[in-house]
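Everything below concerns the one structure shown next.
The values are calculated or read from the model by the stated rules, or taken from the named source; none is laboratory data. Since the structure is predicted, the reported quantities are computational estimates derived from the model, not experimental observations. With ideal geometry, Cβ positions are generated from the backbone for all residues, glycine too; neighbour counts draw on all protein chains shown.
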Amino acid sequence: MEVRKIYVTGGSTFVVSLPKKWVESQDLKAGDSVFLTQTGKSIIIEPGIREEKKIKEKKIRISMLPSPSSLERLIIAYYLTGYDTISIILDREDKESYRRAARRIKEFLIGVEIVEDTTKRITMEILVDHQRMPVLKAIQRIHLLCKSMLHDLIEAMNVGCSYSVEEIQTSEKEVDRLYFLVVRQLKSAVTQYKIAEKLEIKSPDHCLGYRSIVKSMERISDHLDNIAKYYSDICKYGNELLLKDGIISLGRKVTEIYEKSMLSLFKRDPLSTEEVFNKLDSINREYSELSDSLFKSKASISLVLCEKSIIESLERIARYSSDICEIVINMYVK
């Protein structure tokens with residue numbers, strides 16, 4: 001932290017000097033404009049918009065990487081950090097597996113386009129319009145996907161039909177794509193207040209709250225994918241749920257508190273979260289009773305383990321829902 005004195009010029013204008021290192025790091029010079037945004041008792045100073053946006057570029061040499069999966073992780077990291085162009089230099093003999101990994105990454109990231117694909121290089125452009133997908137709009141989309149997956153799974157287990165996991169897996173992948181997009185947006189919003197405005201983020205400290213919420217939603221989606229896989233395994237061998245009525249009851253209660261937790265976020269209503277916390281105790285009791293019943297069952301171990309995994313995932317979804325409520329309280333309590 002630096003301390004700067006306030007000077008008065010012309011009898012009525014207050015002047016504060018800017019740190020030289022910051023001015024140089026932003027490529028500013030005398031005569032350039034800066035944005036001043038008042039937030040409570042603070043003022044945020046940002047460089048003015050130039051006619052040409054400075055493109056953030058990154059080069060990756062696959063000769064420096066141990067495996068194609070490390071390339072995937074690196075591309076995701078640069079995407080989240082806010083790079084606009086990523087060039088992958090194919091400078092090793094076994095480059096085809098790396099090329100496939102680079103092409104496959106488009107399935108996980110929104111706004112990524114391959115604009116160059118040669119024997120020596122792959123170039124990706126990240127084309128994301130912040131105004132077209134504000135943070136809350138993206139979170140609402142994730143919510144609708146999770147809500148739909150929950151209802152579909154509960155209904156499938158209730159009617160006892162064999163279930164295909166493909167539809168759930170498609171939705172889960174879309175949740176992952178939106179999750180990465182929101183994290184990228186929030187990272188930009190933290191450092192650039194103008195982007196925060198475009199993303200309709202009312203306060204910079206809300207970025208941390210949204211980051212935690214979207215992570216909880218991504219984990220909820222993962223657990224829904226797990227439930228679909230385990231239920232599909234049960235159906236595959238012609239079995240039915242041992243504790244069908246109990247699991248359906250638990251699933252409906254979990255669905256209810258998940259929806260209430262998201263409603264408290266969208267309504268910015270921390271008081272409505274209390275209902276979720278009250279119902280969590282009931283869900284925990286049902287989960288414990290179902291677990292005890294399963295372990296006392298004389299059914300095959302594989303069937304018991306599948307059902308145990310289903311109720312564990314439902315219990316984890318309930319806990320992530322309560323986590324969302326805690327974040328809503330921290331964000332909006334006055």
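Observations
Rundown of residues vs (1) assigned by TED's automatic domain parsing to the domain that holds residue 168; (2) closer than 27 Å to residue 214 by Cβ; (3) out of contact with any strand residue (DSSP E or B) (no Cβ under 6 Å at 6 or more places or on another chain); (4) not basic (Lys, Arg), yes/no style:
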site: 233; (1), (2), (3), (4): yes, no, yes, yes
site: 241; (1), (2), (3), (4): yes, no, yes, yes
site: 264; (1), (2), (3), (4): yes, yes, yes, yes
site: 279; (1), (2), (3), (4): yes, yes, yes, no
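- Assessment of the range 103-115 against the conditions (acidic (Asp, Glu), not in a helix (DSSP H, G or I) and not assigned by TED's automatic domain parsing to the domain that holds residue 211) yields at least one matching residue.
- Among all residues of the range 125-132, there is none that is without any contact (Cβ under 8 Å) to a residue 60 or more places away in the chain and under 27 Å from residue 223 (Cα atoms).
- Residue ID - nearest to the chain's Cα centre (by Cα), chosen from residues in the range 82-94 that are at pLDDT 90 or above and not acidic (Asp, Glu): 83
- Remark: pairs (first residue in the range 288-303, in a loop (DSSP other than H, G, I, E, B); second residue surrounded by 14 or more Cβ atoms within 10 Å (Cβ to Cβ) and aliphatic (A, V, I, L, M); Cβ separation under 9 Å; 6+ apart in sequence or on different chains) = 297/242; 297/243; 297/303; 297/304; 299/242.
The rows are residues; the columns are (1) crowded, with 19+ Cβ neighbours inside 10 Å; (2) in contact with a Lys or Arg (Cβ under 7 Å, 6 or more places away or on another chain).
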{"residue": "261", "(1), (2)": "yes, no"}
{"residue": "276", "(1), (2)": "yes, yes"}
{"residue": "309", "(1), (2)": "no, no"}
{"residue": "318", "(1), (2)": "yes, no"}
{"residue": "333", "(1), (2)": "no, no"}
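- The range 298-307, residues that are surrounded by fewer than 14 Cβ atoms within 10 Å (Cβ to Cβ) and not basic (Lys, Arg): 299, 300, 301, 302, 305
- Residue 123 meets each of the listed conditions (1) over 23 Å from residue 251 (Cβ atoms); (2) modelled with pLDDT under 90; (3) over 15 Å from the mean Cα position of the chain (by Cα) apart from (2).
- Look at (1) over 21 Å from the mean Cα position of the chain (by Cα); (2) free of Cβ contacts under 8 Å to residues at least 24 places away in the same chain and you find that residue 61 fails only one, number (2).
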